[in-house]
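Each value in this text was obtained by applying a stated rule to the coordinates, not by laboratory testing. Please read these numbers as outputs of a predicted model, since none were measured by experiment. Glycine also receives a Cβ, built like all others from the backbone with ideal geometry; neighbour counts cover every protein chain displayed.
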Amino acid sequence: MPEITPLTTEELRKKAMRLPLDPGVYLMKDKRGTVIYVGKAKALKNRVSQYFGSHKNHGVKVIKMVENVADFDYILTDSEFEALVLECSLIKQYSPKYNILLKDSKGYSYIKITKGEWPKISAVYKNDDKNADYIGPFTGSFSVTNSVDEALKIFKLPQCTKVFPRDLKKSRPCLNYFISQCSAPCAGKITAEEYRESVADAVAFLKGDSADAVADMKRRMEEAAENLEFEKAAKLRDRINAVKKINSKQKVSSASVKEQDVFALVSENERSCLNVLRFLNGKLIESEFFIIDPSDDKAEARRELIRSFYTIRDRVPPKISVDGEVNDSELLSDWLSSLAGRKVTIYRPQKGEQLQLSEMCKNNAIEKLMQYSGRPSKQAAALNELASLLGLKAIPDYIEAYDISHTAGSDNVGGMIVFKGGVPFKAGYKRFAVKGFDGQDDYASMAEIAERRFKEYLENKDSGEGFGKLPDLILLDGGAGQVHAFLPVMEKLGVSVPVFGMVKDSHHRTRAIASDGGEIALTSKRKAFTLVSSIQEEVHRFAVSYHHKKHSASSFSSTLTEIEGVGPARAKALLKHFKTISAIKEASVDELKAVKGVSEPSAHAVYKYFHEKM
């Protein structure tokens with residue numbers, strides 16, 4: 001395809017301003033003429049012109065896309081709904097680089113039953129073994145794997161890799177035998193006939209005939225009891241109870257709505273994770289994950305994700321639950337309704353079982369995202385809870401915390417600590433000696449530290465390291481006053497980072513989070529409470545330890561300035577060289593005068609002062 005002549009940003013804006021205020025679809029193209037983004041609009045002129053104006057409200061992904069736009073086309077439609085339908089069709093046709101495109105990596109799954117005297121049951125992705133029988137195909141591996149695991153436990157079939165009859169009676173039973181989850185053929189605890197009977201019952205259960213399987217086992221149990229085969233009857237009774245227990249558990253954990261999908265989107269700086277839980281007949285049948293690039297606009301991201309998901313999945317349920325706002329949700333519902341041939345509702349649950357399902361979906365997305373990032377899920381759950389509590393757009397991976405310490409207004413210092421991924425990152429810790437004033441003023445101290453920290457950022461931001469990196473969240477040891485001291489400095493320097501205070505109770509324990517608009521209680525959010533408490537304790541410890549060190553140095557310096565001929569500068573030089581007062585006491589005159597800035601008379605005065613006192 002021949003390259004096109006790229007239009008300048010100004011030319012693109014002028015072209016966009018000539019568009020009509022009608023609904024339609026626009027196609028952004030790069031210099032090769034390749035479609036890199038497809039979007040729909042209620043009013044084309046308004047929507048498209050936004051791309052070529054100020055980037056102030058644009059995220060990184062949009063800015064990157066606009067930088068690659070050489071030209072655009074558009075197609076008018078009679079309604080916004082027609083625009084949405086056309087948008088979906090064109091995205092499917094062009095697979096544009098900057099649209100959210102979910103890749104269908106899910107293949108078919110099967111339940112495999114090997115043949116022979118000792119058959120084994122397993123979940124597989126291929127049906128290529130001629131010496132085996134298969135149940136399937138199934139479209140989801142999640143439900144297949146879970147069902148096979150349940151069947152193996154209920155009917156006490158081996159879950160190990162041992163092969164029978166090769167490994168018969170060659171080892172002692174494993175733990176599964178002692179917790180009644182395996183009949184231990186490896187130790188000769190079951191005959192081949194009994195084993196095959198267990199496999200047959202398991203296959204009947206897996207085929208979905210659990211009621212028939214229970215009825216058949218009940219009949220055989222009664223028959224065994226009549227024949228005084230009490231051990232066999234007891235085994236059958238245990239199997240029946242296990243099947244009933246599993247079914248009961250499934251009903252407890254199922255949704256009150258028979259058929260629905262639950263969506264949750266979790267983001268961090270570098271990536272996002274979409275989790276979809278799919279329910280059918282009141283039971284969870286599938287859990288799907290997609291790792292995607294993060295989006296600055298989560299409401300728009302959810303719209304694109306839902307649209308993209310149902311272009312790779314045939315079944316559209318009547319209910320779709322989401323964990324946040326969705327752009328054009330009514331329009332999207334209409335489109336999905338047209339696909340399903342019945343009404344489809346998109347909603348955000350606020351309470352009860354549906355909210356619990358949404359939280360479960362979100363927690364699964366966090367877990368998957370942390371696995372992908374190689375981070376502990378415990379810290380991730382706490383960070384996500386904190387992000388939700390504070391209304392942050394993404395999980396705060398890099399948190400800076402500040403505290404002030406002094407003694408009655410003297411030796412004012414500040415400490416800055418960093419928590420990265422929910423744990424202390426000591427390489428990022430910094431100390432500040434407050435220099436702008438004397439006396440006790442925590443707010444002025446916070447303002448001075450804020451100014452020094454973010455001026456360093458502006459000078460070093462190209463490095464992206466140390467002070468050249470902006471945190472995702474700032475926490476201050478204190479309340480709204482500390483927050484109000486920090487924010488004006490950041491605003492003056494053009495720096496934008498969420499800032500909150502950490503409020504203590506009368507016993508110096510973390511009680512709440514303070515913002516510039518009030519306080520947010522922490523008590524109901526256990527994971528977030530524990531994390532914030534840890535941050536507050538650590539920043540307080542760090543600031544106080546620095547203050548003690550500085551105060552001790554000040555005390556030593558005061559002792560030295562009592563000596564004739566020793567002022568603050570010479571006292572500081574002596575302490576810097578010898579480190580301690582004891583070392584200065586033990587020094588000779590020659591060693592003392594060897595210190596830069598210390599004259600011979602001063603060295604004699606210091607030596608005389610300590611040795612006369614001794």
### Message
Compute, for region 560-599, the length of the dipole vector about the Cα centre, with Cβ point charges of +1 (Lys, Arg) and -1 (Asp, Glu) only. Units Debye, rounded to 20.
### Response
240 debye
### Net charge dipole size for region 260-374 [Lys, Arg +1 and Asp, Glu -1 on Cβ; Debye, nearest 20]
540 debye
### Task
Compute the distribution of all C-alpha to C-alpha distances in region 390-550, in bins of 10 Å from 0, and list the percent of pairs in each, rounded to whole numbers.
11, 42, 38, 9, 0
### Query
How large is the dipole of the chain about the Cα centre if only Lys and Arg carry +1 and Asp and Glu carry -1, each at its Cβ, rounded to the nearest 20 debye?
1220 debye
### Task
Output the relative contact order of the chain, whole-number percent, from Cα pairs under 8 angstrom with separation of 6+ residues.
7 percent
### Message
From the helices alone, meaning DSSP H stretches of at least four residues, give me the mean residue ellipticity at 222 nm for the chain, per-run term -39500 (n - 2.57), in deg cm²/dmol to the nearest 500.
### Response
-14500 deg cm²/dmol
### Summary
To the nearest 10 degrees, the tilt of helix 192-206 (Cα long axis) against the first principal axis of the alpha carbons of the chain is 80 degrees
### Query
Which of the listed residues, LEU19, ILE75, TYR37, is farthest toward the dipole's positive end in region 9-94, when Lys, Arg count +1 and Asp, Glu count -1 at the beta-carbon?
TYR37
### Query
Volume per residue, Å³, of the convex hull around the alpha-carbon atoms of region 562-613?
67 Å³
### Task
Take the cross-link list LYS92/LYS378; LYS115/LYS189; LYS42/LYS368; LYS61/LYS430; LYS235/LYS378 and give me the ones stretching past 29 Å between alpha-carbons.
LYS92/LYS378; LYS42/LYS368; LYS61/LYS430; LYS235/LYS378
#### Entry: Cα pair count fraction exceeding 21 Å, expressed as % - region 260-374
33 percent
### Charge-dipole axis of region 390-550 as Lys and Arg at +1 and Asp and Glu at -1 on Cβ define it, positive-most pick from LEU470, SER534, HIS484
SER534
### Task
Return the lysines within reach of LYS608: Cα separation strictly under 18 angstrom, same-chain partners fewer than 8 residues apart disregarded; answer none if there are no such residues.
LYS585, LYS593
### Task
Specify which residue in the list LEU331, ALA225, GLN181 is farthest towards the positive end of the charge dipole of the chain, using unit charges on the beta carbon of Lys, Arg (+1) and Asp, Glu (-1), about the Cα centre.
ALA225
### Task
Report, ordered by chain and residue number, the aspartates and glutamates lying within cross-link reach of LYS15, taken as a straight Cα distance under 19 Å and ignoring same-chain residues fewer than 8 apart.
ASP30, GLU67, ASP71, ASP73
### Pairs beyond 30 Å (Cα-Cα), from LYS112/LYS343; LYS156/LYS362; LYS426/LYS504
LYS112/LYS343; LYS156/LYS362
### Message
Once each part is reduced to its C-alpha centroid, what is the distance from region 66-135 to region 286-339 in angstrom?
### Response
15 Å
### Query
Under 17 Å from the Cα of LYS596, which lysines turn up, not counting those fewer than eight places away in the same chain?
LYS572, LYS576, LYS579
#### Entry: Tilt relative to the chain, helix 442-460 - C-alpha long axis, 0 to 90 degrees, to 10
70 degrees
### Message
What does the C-alpha gyration tensor say about the overall shape of the chain? Classify as rounded when a/c is under 1.5, otherwise prolate if a/b is larger than b/c, or oblate.
### Response
oblate
## Note on the structure
Plugging the Cβ-Cβ distance of SER79 and ILE179 into 1/(1 + (r/R0)^6) at R0 = 60 Å yields, to the nearest 0.05, a FRET efficiency of 0.45
